[in-house]
Amino acid sequence: MLKKIVLDLETQKEFAEVGGRGKNHLLKISVCGIYDYSTDKYSIFEENELAKLSPILQTADQIIGYNIKDFDFEVLKPYLNFDIFAVPYLDLLEQIDKILGHRIKLDDVAQATLGSGKSGSGKEAILFYKNGRIDLLKKYCLDDVKITKQIYDYARVNHKLLYKDFFKTKEIPLKIEEAKERQGVKHQAALF
């Protein structure tokens, strides 16, 4: 079975605290959540546990996410001992942007495609971290991983996603190419 990983992370800081956009590497990870298709398990890692996440990502056949290329990967880079961009990935937002010519919030796609949206916002997640509510932070992050997985699964089966454009629901035609097993990569069982 292919080792596909759905990934989402939350940060310790906002852009305003690090001097604006483009400095994602300074935001620091509070938690990173994943779903592993090969084990059918969700996992969450706090900043001090990211060494356990690194080999899981490094041996993935594909990493799937929403805005992972410009955001999550850039925040993750300082924590990894390999080039995350060398791992095949599918950024759903990047695919949507290629088709529509503009970006759409994950919540807008989730509401229209799945009939339910996110359980909070990134700003709330930062407040959870700052207030020591790690339980709520982990739940929020894994909720986003679940939504991203459901959106990916829907697009794979239906070759489209939906989104709300003001008062109309519109369709995004989206053909998802199946990931291929990476040659020469040893797939390790995750140690949890």
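The values are calculated or read from the model by the stated rules, or taken from the named source; none is laboratory data. Since the model is a prediction, treat every value here as computed from it, not as a measurement. Don't worry about glycine lacking a Cβ; one is built from the backbone with ideal geometry, like all the others, and counts go over all protein chains shown. Each accessible area value is taken on the protein alone, full model and side chains, heavy atoms only, with ligands, DNA and RNA left out. Shrake-Rupley method; radii C 1.70, N 1.55, O 1.52, S 1.80 Å.
Scan region 168-192 residue by residue and report those that are farther than 30 Å from residue 49 by Cβ, part of a loop (DSSP other than H, G, I, E, B) and at pLDDT 85 or above. Write out each step before concluding.
Initial filter on region 168-192 (farther than 30 Å from residue 49 by Cβ): 168-178.
From the residues that got through so far, the ones that are part of a loop (DSSP other than H, G, I, E, B) too are 174-178.
Correct list: 174, 175, 176.
For residue 51, the criteria (1) modelled with pLDDT of 95 or more; (2) loosely packed, with under 15 Cβ neighbours inside 10 Å hold in every case but one, which is (1). Considering each residue of region 157-165 in turn, none proves to be of a type in the set (Phe, Trp, Tyr) and either touching a Gly at 6+ places or on another chain (Cβ under 6 Å) or open to solvent by 40 Å² or more (accessible area, probe 1.4 Å) (or both).
So which residues in region 109-130 are outside any helix (DSSP H, G or I) and either farther than 24 Å from residue 31 by Cβ or open to solvent by 50 Å² or more (accessible area, probe 1.4 Å) (or both), if there are any at all? So that I can check it myself, show each step before the final result.
Restricting attention to region 109-130, the residues satisfying the condition of being outside any helix (DSSP H, G or I) are 115-121.
Across region 109-130, the qualifying residues are 115, 116, 118, 119.
So is residue 80 touching a strand residue (DSSP E or B) at 6+ places or on another chain (Cβ under 9 Å) and either surrounded by fewer than 21 Cβ atoms within 10 Å (Cβ to Cβ) or among the hydrophobic types (A, V, I, L, M, F, W, C) (or both) or not? Considered against the rule, which asks whether it is touching a strand residue (DSSP E or B) at 6+ places or on another chain (Cβ under 9 Å) and either surrounded by fewer than 21 Cβ atoms within 10 Å (Cβ to Cβ) or among the hydrophobic types (A, V, I, L, M, F, W, C) (or both), residue 80 comes out as no. Annotation note: of 106, 92, 142, the sole residue that is modelled with pLDDT under 95, surrounded by 18 or more Cβ atoms within 10 Å (Cβ to Cβ) and within 13 Å of the chain's Cα centre (by Cα) is 106.
Restricting attention to region 61-77, which residues are of a type outside the set (D, E, K, R), open to solvent by 30 Å² or more (accessible area, probe 1.4 Å) and free of Cβ contacts under 8 Å to residues at least 40 places away in the same chain? If you could, list the steps in order and put the result at the bottom.
Going residue by residue through region 61-77, those that are of a type outside the set (D, E, K, R) are 62-68, 71, 73, 75-76.
Subset that is open to solvent by 30 Å² or more (accessible area, probe 1.4 Å): 67, 71.
Within region 61-77, 67 is the sole residue that qualifies.
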